[in-house]
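Single-structure report; data block below.
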Amino acid sequence: MLTCPFCEFEQAGIVAESELAVALWDAHPVTEGHTLVVPRLHVTSIYQLSVQDQAALWVMVGQVREALIRRFAPDGINIAVNDGLAAGQTIDHAHIHIIPRRNGDVPDARGGVRNIIPSRARYWEK
């Protein structure tokens with residue numbers, strides 16, 4: 001049986017933690033500072049959590065975002081949830097990505113998460 005990497009994380013990777021959630025450095029970061037906010041309860045979707053537990057995750061997202069801004073001074077931040085296999089979720093434990101962005105890290109960042117379906121991303125050109 002495979003173990004869940006978010007249930008069996010190493011203490012050294014913890015960015016922040018609370019009773020209900022933990023923030024971890026992404027093991028395969030897209031950019032420097034890429035962090036995940038993970039509920040301690042093993043669920044596939046954040047929407048399987050109570051409203052109070054969901055709120056605790058979003059509070060931590062805000063705290064981690066502020067800490068990343070202070071530490072890395074990014075030009076922007078993407079905050080994203082891949083909810084389900086069709087949405088790109090690869091680990092079967094709910095988590096929220098916080099990805100610091102920098103001007104020039106891609107040739108044209110316009111559209112942000114809309115670029116998951118490239119043919120529909122650039123609506124301003126149509």
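Observations, loosely collected:
- Matching residues in region 34-93 - criterion: being outside any loop (DSSP other than H, G, I, E, B), closer than 23 Å to A109 by Cα, under 12 Å from the mean Cα position of the chain (by Cα) and free of Cβ contacts under 8 Å to residues at least 40 places away in the same chain: V61, G62, R65, I77, N78, I79, A80
- Output for region 46-71, where each listed residue is surrounded by 14 or more Cβ atoms within 10 Å (Cβ to Cβ), more than 23 Å from I116 (Cβ to Cβ) and of a type outside the set (A, V, I, L, M): D53, Q63
- Residue list for region 88-111, filter: charged (D, E, K, R), modelled with pLDDT of 95 or more and farther than 26 Å from P5 by Cβ: R102
- Test result for R114, farther than 24 Å from A21 by Cα, among the basic types (K, R), at pLDDT below 95 and part of a helix (DSSP H, G or I): yes
- Checked across region 1-19, the condition of being without any contact (Cβ under 8 Å) to a residue 60 or more places away in the chain, under 12 Å from I99 (Cβ atoms), outside any helix (DSSP H, G or I) and not basic (K, R) holds for no residue.
Here's the yes/no breakdown for (1) surrounded by 10 or more Cβ atoms within 10 Å (Cβ to Cβ); (2) closer than 15 Å to E32 by Cβ; (3) touching a Pro at 6+ places or on another chain (Cβ under 8 Å):
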{"residue": "D75", "(1), (2), (3)": "yes, yes, no"}
{"residue": "A80", "(1), (2), (3)": "yes, no, no"}
{"residue": "D83", "(1), (2), (3)": "yes, no, no"}
{"residue": "A87", "(1), (2), (3)": "yes, no, no"}
{"residue": "T90", "(1), (2), (3)": "no, no, no"}
{"residue": "A94", "(1), (2), (3)": "yes, no, yes"}
{"residue": "P118", "(1), (2), (3)": "no, no, no"}
{"residue": "A121", "(1), (2), (3)": "yes, no, no"}
{"residue": "W124", "(1), (2), (3)": "no, no, no"}
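- Residue in region 6-22 that is surrounded by fewer than 13 Cβ atoms within 10 Å (Cβ to Cβ), of a type in the set (A, V, I, L, M, F, W, C) and touching a Lys or Arg at 6+ places or on another chain (Cβ under 9 Å) present: yes
The values are calculated or read from the model by the stated rules, or taken from the named source; none is laboratory data. Here the structure is a predicted model, which means the values were calculated and not measured. A quick note on method: Cβ atoms are made from the backbone with ideal geometry, for glycine too, and the neighbour counts reach across all protein chains shown.
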